[in-house]
Structures are given as C-alpha cells and as structure tokens.
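Read through the structure below, which is laid out as structure tokens, and then see the notes.
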Amino acid sequence: MVRVLTYFASIILLVFVMINCSPDSSQETSITFKGVIHFDENGSPIGGDFDDDGDWQIGDIWIDEEEELFDSELQMINCDVNETYFCSPFPNPCTDVLNLFIGQPDGSTIDLRFVDEDLNIVIEFDDLISNTLSIQTANLAKDTFRIYYRFQHDDCEFRGHGDILVE
C-alpha cells in the first residue's frame, strides 16, 4: 500500500513540475539590456562584454515590441547577402556625442531608433544614406540605451541592435 501511495505521489509531483516548468509558447522573450561592447574613437572593439546578446550584428529577429518601433516590415525576399551591412558605434561608452560608422551598399537606406530600457524612442532617424552619423548625447541621462537599426534595400530588410552607455 505504501508503495502504491508513493508511486501516485511521485506521478502527481511529476505532473505538477511539468505543468509549472514547461515554457509557455504564448509568451514572448523579454528584452534585456546587458553589457556593453566598448569601442574606441576609431570604432574598434576595446573591451566590455564581447558576448553581448548579438550586439552590432546583422540578422536580428525581433519580437512584437521591437518591430513596433518601425512603421513597416519588409519581406525578406530577393536579398543579396553578398553585400556588407554594418553599424558600428564610437566611442562607446560616450559622453557628449556618439558617432556611428555605417556600411551599406549604394541604393540602400538605414532607419535608427535610439531607445531607453522601456523601449521609449529617445532619438530616431529614417532613410539615411550616409556612412557616418553623429548623435548628440550630452542631454541624455547617464544610462544604457539601445539602438535598433534596419537597413532597407529594394524589398529586403536587414536588422540589428546594439547597446550604448552614456556616461
């Protein structure tokens, strides 16, 4: 009898653990700002957290809140992956000005959203074709921010993000 009760108690405990520990597929991944890759005045990485959640790389897959930062979403068809797309900040951390070095092929544009940790847009730019951009940060709080960027070329879109520390 004790053996049967132990068996049923084990089954009930196992079912309880499975129900409470299984991932809920209806919940999306939360967004966390963690670590910052440091860049010098030339845009070269010099320290910080090099394993920082895919910062400053192309190929992001955004959750709904991130996609809503931009007006529209393009289809990823007929994309020329042989082209070079990148966005590199310097210096990071920054004080008064953050510079971005942008690599994109002719005919493409980049949209940028500079956001706080609650995904409130602090600064935004659309349809930039320049390969450099200076962003005034002197009036911002000393905090970590994120830049979401989206390259557009014809019917293609390439996405990325990176964290910035304003000191």
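Here, each number is a calculation from the coordinates, and none is a lab measurement. Fair warning: this is a prediction, and the values are worked out from it, not measured in the lab. Using ideal geometry, Cβ is built from the backbone for each residue, glycine included, and neighbour counts are taken over all protein chains shown.
What is the extension gain from SER44 to ASN82, computed as 0.36 nm multiplied by their sequence separation minus the C-alpha to C-alpha distance, in nm to one decimal?
11.4 nm
Across the range 84-100, in residue order, what do the Karplus-derived ³J(HN,Hα) couplings come to in whole Hz, using 6.51 cos²θ - 1.76 cosθ + 1.60 with θ = phi - 60° and x for Gly and Pro?
9, 10, 7, 9, 10, x, 7, x, 9, x, 10, 10, 8, 9, 10, 9, 10
Please list the non-local residues whose amide H lies under 5 Å from the amide H of GLN57, H modeled 1.01 Å from N, same-chain partners needing a gap of 5 or more.
HIS161
If you take all C-alpha pairs in the range 45-167, what percent of them are over 22 Å apart?
For the range 45-167, the fraction of Cα-Cα distances above 22 Å is 31 percent.
Taking R0 as 25 Å, what's the FRET efficiency between SER134 and ASP64 from their Cβ-Cβ distance, rounded to 0.05?
On the way: r = 31 Å, r/R0 = 1.25.
Using R0 = 25 Å, I get an efficiency of 0.20.
Need the full-extension length gain, GLU124 to GLU167, defined as separation in residues times 0.36 nm minus the C-alpha distance. One decimal, nm.
Once the chain is fully extended between GLU124 and GLU167, it gains 13.5 nm.
Mind ordering 96-102, 122-128 by average Cβ neighbours within 10 Å, highest first?
96-102, 122-128
For the range 64-167, which trypsin sites (Lys or Arg not before Pro) are in a loop by DSSP, counting at most 15 other Cβ atoms within 10 Å?
On the way: sites: ARG113, LYS142, ARG146, ARG150, ARG159; in loops: LYS142.
Here the trypsin sites (Lys or Arg not before Pro) that fit, given the DSSP loop and packing criteria, are LYS142.
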